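This report refers to the structure that appears directly beneath it.
The values are calculated or read from the model by the stated rules, or taken from the named source; none is laboratory data. All values reported here derive from a predicted model rather than from experimental measurement. Reconstructed Cβ throughout: ideal geometry from the backbone, glycine too, with neighbour counts over all protein chains shown. Calculation scope for accessible area: heavy atoms of the full protein, side chains included, ligands and nucleic acids excluded. Shrake-Rupley method; radii C 1.70, N 1.55, O 1.52, S 1.80 Å.
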Amino acid sequence: MKINLKDEILRLKKDKQAIILAHYYQRGEVQDIADAVGDSYYLSKVAKECDEKVIVFCGVKFMAESAKILSPEKTVLLPVMDAGCPMAEMADAEGVQVLKDKHPNAKVVCYINSTAEVKALADVCCTSSNAVKIIKNIKEDEIIFLPDKNLGEYIKQQIPEKNVIIWDGFCITHKLVKPEELVKARKLHEGIAIAAHPECEKSVRENADFLGSTGQIIDYVTNHSGNKFLIVTEEGVLHQIRLKNPDKKLYVPGGGMTCTNMKKTYLEDVYNSLLHMEYSIELDEDIRQKAYNSLAMMHELGR
Ligand code: CIZ
Ligand code: SF4
């Protein structure tokens, strides 16, 4: 007999007293069974504040890790063990330490898309929505930013008075977009507004009407009086934009933008995760505490 996955997930969720969180880049059907959908920062806050002791985090590893860093007493489950973020893995603790030693006076700002070990070496974390504000609030002028060079360059443009030393990482999904695809969309769809993520390359950012995080892109489309939008970020975000704006026309660049890691999680994985309580995020306590300080500092400086 074929089981009804949705019903079984809801039953198990109740049984295990769990909460299901899904990132905006997850598959639509996974977003639909989640108790909360959002960006990594919002979801880690929900994870910290919720009463449930078991959190099924549908996203990639650094997101589940961030939830565990903030809530060590809870069980944080990542349904697919190898759902990682290649960008996060481009910065290794050893290399970060070498750069820190080279610039002993610099403050290290690390994008939330990073491993717990790298967060532990940073002074403060940030997201794409609060990075500029956080760096403005740091009194030191020398900043090491990692791992995303595109978000780093974007920040540097906004705060030219700071000396921002940028790590050479990037998101493989956002890197694939070409500026010609934005130009083509403008020609094909008169009056289209283009919203892009700052993880895109400079040539793409320069052709956008709006740059922002996933949550900011959703708000931009929702509050805009126009009717046509090109969404230049991982296309999972279209699911929430459509739910909020059923009458607006949404387009994606070229062949679409999918993050294979974000798409590894199916409903069946959520079911198995709850059934077997897999895969539990475990962190070294010393690393967790140091990483916690960087995330706590993000709250402080992001206020
Ligand atoms: O921080 C996040 O959730 C990511 C990866 C993207 C964004 O802009 O929200
Ligand atoms: Fe990482 Fe890019 Fe995928 Fe986000 S979209 S999880 S930055 S690879």
Margin query: Cβ neighbours within 10 Å, averaged per peptide: list 216-225, 128-137, 54-63 in order, most packed at the top.
Written below: 54-63, 128-137, 216-225
Notebook entry, point to check: Around HIS299, what is the net charge, scoring Lys/Arg as +1 and Asp/Glu as -1 over all other residues with Cβ under 13 Å from its Cβ?
Noted result: +2
Next item on the list: With a ≥ b ≥ c taken as the square roots of the eigenvalues of the C-alpha gyration tensor of the chain, please select rounded if a/c is under 1.5 and otherwise prolate if a/b is larger than b/c or oblate if it is not?
Entry: oblate
Checklist line | Accessible-area composition of region 242-296, carbon plus sulfur, in percent [1.4 Å probe] | finding: 48 percent
Note to self: Could you report the chain's accessible area per residue, 1.4 Å probe, as an integer in Å²?
What the structure shows: 45 Å²
Checklist line | Global geometry of region 226-303, whether rounded, prolate or oblate, following the gyration tensor of its Cα atoms and the 1.5 cut on a/c | finding: oblate
Notebook entry, point to check: Which whole-number percentage describes the relative contact order of region 149-234, with Cα contacts under 8 Å and a sequence gap of 6 or more?
Noted result: 31 percent
Check: How much net charge surrounds ASN207 when only other residues with a Cβ under 13 Å from its Cβ are counted (Lys, Arg +1; Asp, Glu -1)?
Finding: +1
Next item on the list: For region 1-152, compute Rh as the Kirkwood radius over C-alpha pairs and then the Stokes-Einstein diffusion coefficient at 25 °C and 0.890 mPa s; write the answer in µm²/s, rounded to an integer.
Entry: 147 µm²/s
Margin query: Could you tell me the relative contact order of region 85-156? Use alpha-carbon pairs under 8 Å, at least six residues apart, and round to a whole percent.
Written below: 36 percent
Check: If the cut-off is 13 Å between C-alpha atoms, which aspartates and glutamates fall inside it for LYS45, apart from same-chain ones fewer than 8 positions away?
Finding: GLU65
Notebook entry, point to check: Over the chain, what is the percentage of antiparallel beta bridges among all DSSP beta bridges, to the nearest 5?
Noted result: 5 percent
Margin query: Per DSSP helix of 4 or more residues, -39500 (n - 2.57); summed, then divided by the residues of the chain. What does that give at 222 nm, rounded to the nearest 500?
Written below: -12500 deg cm²/dmol
Notebook entry, point to check: So who's got an amide H within less than 5 Å of the one on ILE144, skipping anything under 5 residues away but keeping other chains? H placed 1.01 Å off N, in plane.
Noted result: LYS107, VAL108, VAL109, ILE165
Check: Residue-wise, which Karplus ³J(HN,Hα) couplings in Hz belong to region 279-284, taking 6.51 cos²θ - 1.76 cosθ + 1.60, θ = phi - 60°, and x for glycine or proline?
Finding: 9, 6, 7, 10, 10, 4
Item checked: Other-chain or far-sequence residues with amide H under 5 Å of TYR251's (modelled H) -> PHE229, LEU230, ILE231
Next item on the list: Would you work out the relative contact order for the chain, in percent, from Cα pairs under 8 angstrom that are 6 or more residues apart?
Entry: 23 percent
Note to self: Order 289-302, 36-49 from most to least packed using the mean count of other Cβ atoms within 10 Å.
What the structure shows: 36-49, 289-302
Note to self: Using only alpha-carbon positions, what ratio does the radius of gyration of region 177-251 give when scaled by 2.2 N^0.38 Å?
What the structure shows: 0.99
Note to self: Greater than 27 Å separation of Cα atoms is the criterion. Which listed pairs, LYS149/LYS290; LYS102/LYS264; LYS6/LYS53, meet it?
What the structure shows: LYS102/LYS264
Next item on the list: Quick one: among GLY254, GLY236, GLY169, which has the greatest mean-square fluctuation in a GNM of the chain with alpha-carbon springs under 10 angstrom?
Entry: GLY254
